[in-house]
Structure formats: C-alpha cells, structure tokens
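A.B. asks: The structure follows.
The values are calculated or read from the model by the stated rules, or taken from the named source; none is laboratory data. Every value quoted in this text rests on a predicted model; they were computed, and no experiment measured them. So basically every Cβ, Gly included, is an ideal-geometry build from the backbone, and we count neighbours across all protein chains shown.
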Ligand SMILES: Cc1cc2nc3c(=O)[nH]c(=O)nc-3n(C[C@H](O)[C@H](O)[C@H](O)COP(=O)(O)OP(=O)(O)OC[C@H]3O[C@@H](n4cnc5c(N)ncnc54)[C@H](O)[C@@H]3O)c2cc1C
C-alpha cells in the first residue's frame, strides 16, 4: 500500500489549485485524475472569464472567493506570464424594465467590495461598442479573460516543483476511514491499488456526488443533489464586431447569452441553460434560432449565417430549475463528521476565477493554513 499525506481527487482547475496550495504548504500531496489529461471536463468548457464578483449574494462563498480569487488570479497570471487581458465588460439593460436589475447589480457589487462599476448612457456604449443597442449599461473594468489551459499547466508545474505528484488515468472508486486515516482505492490501467492518506479532498466536479457516495460510512444526507445544466456556445465567423465582453442581465440559471472574446479576439456567444440528466457534451444546433433571438436584443445587425456551433459545458449545479441559485458547497469535517475530508460540490461559475481563493479555503478547512482574512 502506498502512502501520501493528502490525496486530491480530480485534476480540474479546482483540484489542481488545491493540490498546489497544499504542496506549497509542505503537505506531501498526490493528485489523482481519471482522464488522460488534466482539465478535460468543466475546466476546459467554460467562458474563461475572470469575473469581478458583482452578481453573488453578499457574504456568500461565491462573492467572497470571487473577489479575493480574482485579485489573486490577476497577480498570478502577471507573475507567471500567463496570457490574460483585463478587457472589461458591459452589462446592458435593453428594456426600461431591466434598469432596476442594473441598479441591483450596483448595490450588490458595492456590498461585495466591487467599487469600480461605472454607469454608462446609450451614447457612451455606442462610443465603446457601435454595434450594441441598450437603454442603459454598467461598465466593469476589472472583468477580464485568461488562457485557462496555460493557467492549469502552470498550477501543475507548481505542484511538481513543490514536491507533489500528479497521476492521470487514475480513478478513485472507493474510500473508507480506518483508525483516523483514509484508505483510498484507485483503478489505474486495469489494476486496483490502495493508498493510505491522512487528508482527502473530493474535487471531482460533476462526479463529486458519485465519489462521495463511494465513501463507505459517509452520511448520505450530507451529499447534495446534482442538477447538471448544459450551456451551448456558438461562435461568430468573420470579423469581430466587439472589443469588450457584453452581457445582458442574468436570468434562468445563467448569466444570459452573452458575448465573450477569446485572447485572439474571436467572438463566442453563450452559454444558454439546458437542464439535463446525463453528462453529454453534444451540441444541439437547433438552438441557433433561439440564440439569434436573444443576441438580436442587443446586437440587432446579427447575421445568423455567421453563427457556427462551438462547444458545450455543463454546470455542476446543486439547485434545480426554478430554485434559488446555490452557493459553492465546501464541506469539511464540521459539516460531515469525517476527520481530514473536504468535499466540494456545486463549483460552477465563478469557480475558475475563485480557484486560488477556494484552494486557500480548503487548506484552511483541513487545518493546513490559517483561515484567510475576509475581503
Ligand atoms: C458553461 C460554463 C461556463 C463557465 N464560465 C466560467 C467563467 O467564465 N469564469 C469562471 O470563473 N468560471 C466559469 N465556469 C465555472 C468553472 O468552469 C468551474 O467552476 C470549474 O472549471 C470547475 O472545476 P472543477 O475542477 O471543480 O471541475 P472539473 O474541471 O470538471 O474537474 C473535475 C475532475 O475530476 C475528475 N474526476 C471525476 N471523478 C473522478 C474520480 N472518481 N477519480 C479521479 N478523478 C475524477 C474529472 O475527470 C475532472 O477532470 C463556467 C462553467 C461552465 C459549465
């Protein structure tokens, strides 16, 4: 049987950030990923936006960790030369009825410590983005974009240089607690190996519930339900008509079909929200017309023939259709009663932005570092 001080399950951006943080703190850490390469699921299927932190309820983990994580992430990208751009974002009211929503964003943002929002008139918006129509807007200068793959590679590099180990094609199939230590069973290349570890982190994303269910003796009532919500993206062929991120007001489980830019200046629209039962990344091209209708509310000149199917991502939600959005669920021993175990559920957006702050939170929950100061 092999031993490690900590095992982190899941090599998405969250598992990578957590494993890196623990290794830097001097914990001998083993990161196990089921797929052949890290970040094969949600961490490679998102908008790559560094969010400011203006939507989330004040005091929630999403709000605290987004604001703190955004600052950490910009610093990290700058220090490590990871491609990123603080390109800013417009949030649009396209009808009189949506003005109140913009006001509520301003209020929430201020309470969350996001104090750089600027109100814009339609003519201000025309000066910035001539193709866009609205009745009022907000400008968020601290929103940006990053190369999420470069970021994950860098986290993996940090893990290795801090003495941590990464194993791919290594699927955790079962764990149990014996005399205060975890026995973890791992399927790798047709063989099952056994590991012993003091600390265990479940960062398995969409599979976090299934992984927790495989922990013998963990109270099942602590495992939240899973409500996967697929988001489709369509790309815009040809010359980009936008220079900034452009968001309508949020609704229906997502942030609305918005415009994001990649670092090469390419435009993509999305993601929409489709509640699903099984994990399936196929793209439903029949959604093009619904996309066109949503996009034309703020970009009336859209040529629908330029919309091309892009990709999909699946949000690991823990609140279902019609329910109030759930917060990140970070369950430590105080919540589930297992010493040395942290389960992470519902790490949807802004998980990428919050990843470094979330890693600190997990390290603190395991008693490895002191609890980080609040924003
Ligand atoms: C459509 C969409 C858009 C988004 N846009 C943004 C955005 O613009 N900005 C932002 O901040 N956030 C965004 N997010 C959120 C962000 O992408 C996620 O919060 C983040 O990627 C979650 O990372 P993760 O590591 O928890 O999950 P994942 O990336 O899914 O990683 C989990 C890993 O666990 C592995 N695994 C599962 N089971 C096992 C097992 N038994 N043993 C070993 N390994 C296992 C999987 O193979 C997987 O690699 C978006 C999300 C979606 C879906």
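A.B. asks: Within region 212-232, how many residues turn out to be over 26 Å from residue 284 (Cα atoms) and within 12 Å of the ligand (Cβ to nearest atom)?
C.D. replies: So the answer is 4.
A.B. asks: Would you check if residue 11 is near the ligand (Cβ under 10 Å from one of its atoms), assigned to a loop (DSSP other than H, G, I, E, B) and surrounded by 24 or more Cβ atoms within 10 Å (Cβ to Cβ)?
C.D. replies: Values: near the ligand (Cβ under 10 Å from one of its atoms): yes; assigned to a loop (DSSP other than H, G, I, E, B): yes; surrounded by 24 or more Cβ atoms within 10 Å (Cβ to Cβ): yes.
So residue 11 passes the test.
A.B. asks: Could you list all residues from region 281-301 that are touching a strand residue (DSSP E or B) at 6+ places or on another chain (Cβ under 8 Å), within 29 Å of residue 135 (Cβ to Cβ) and away from the ligand (no atom under 16 Å from the Cβ)? Give the derivation first.
C.D. replies: At the first step, the residues of region 281-301 found to be touching a strand residue (DSSP E or B) at 6+ places or on another chain (Cβ under 8 Å) are 281-285, 287-288, 291-292, 294-295, 297-299.
Subsequent filtering for residues that are within 29 Å of residue 135 (Cβ to Cβ) retains 287-288, 291-292, 294-295, 297-299.
Result: 288, 292, 295, 297, 298, 299.
A.B. asks: Further, regarding this structure: Taking the conditions exactly as written (under 26 Å from residue 272 (Cβ atoms) and modelled with pLDDT under 95), does residue 53 satisfy them or not?
C.D. replies: No; evaluated as a whole, the condition is false for this residue.
A.B. asks: Under the condition of being surrounded by 17 or more Cβ atoms within 10 Å (Cβ to Cβ) and not in a loop (DSSP other than H, G, I, E, B), which residue from region 236-258 is farthest from the chain's Cα centre (by Cα)?
C.D. replies: 236
A.B. asks: Going through region 170-182 one residue at a time, which ones are in a strand (DSSP E or B) and either over 29 Å from the mean Cα position of the chain (by Cα) or surrounded by fewer than 12 Cβ atoms within 10 Å (Cβ to Cβ) (or both)?
C.D. replies: Across region 170-182, the qualifying residues are 177, 178, 181.
A.B. asks: So, one more: Starting from region 49-78, take each residue that is without any contact (Cβ under 8 Å) to a residue 12 or more places away in the chain and list its partners that are within 14 Å of the ligand (Cβ to nearest atom), counting only C-beta distances under 8 angstrom and pairs at least six apart or across chains.
C.D. replies: Short answer, once both residue conditions are applied: 78/84.
A.B. asks: If you take the residues of region 160-181 that are in contact (Cβ under 8 Å) with a residue 40 or more places away in the chain, more than 9 Å from the ligand (Cβ to nearest atom) and touching a helix residue (DSSP H, G or I) at 6+ places or on another chain (Cβ under 9 Å), which of them is nearest to residue 201 (Cα to Cα)?
C.D. replies: Residue satisfying both the conditions and the ranking: 175.
A.B. asks: A further question on this structure: Between a residue in region 219-246 that is free of Cβ contacts under 8 Å to residues at least 40 places away in the same chain and any residue that is part of a helix (DSSP H, G or I) and surrounded by fewer than 16 Cβ atoms within 10 Å (Cβ to Cβ), which pairs come within a Cβ distance under 8 Å, given they are 6 or more apart or on different chains?
C.D. replies: Close Cβ pairs satisfying both conditions: 220/213.
A.B. asks: Moving on. Just one of (1) in a loop (DSSP other than H, G, I, E, B); (2) surrounded by 15 or more Cβ atoms within 10 Å (Cβ to Cβ); (3) within 18 Å of the chain's Cα centre (by Cα) trips up residue 87, so point out which.
C.D. replies: Against the list (1) in a loop (DSSP other than H, G, I, E, B); (2) surrounded by 15 or more Cβ atoms within 10 Å (Cβ to Cβ); (3) within 18 Å of the chain's Cα centre (by Cα), residue 87 comes up short only on (3).
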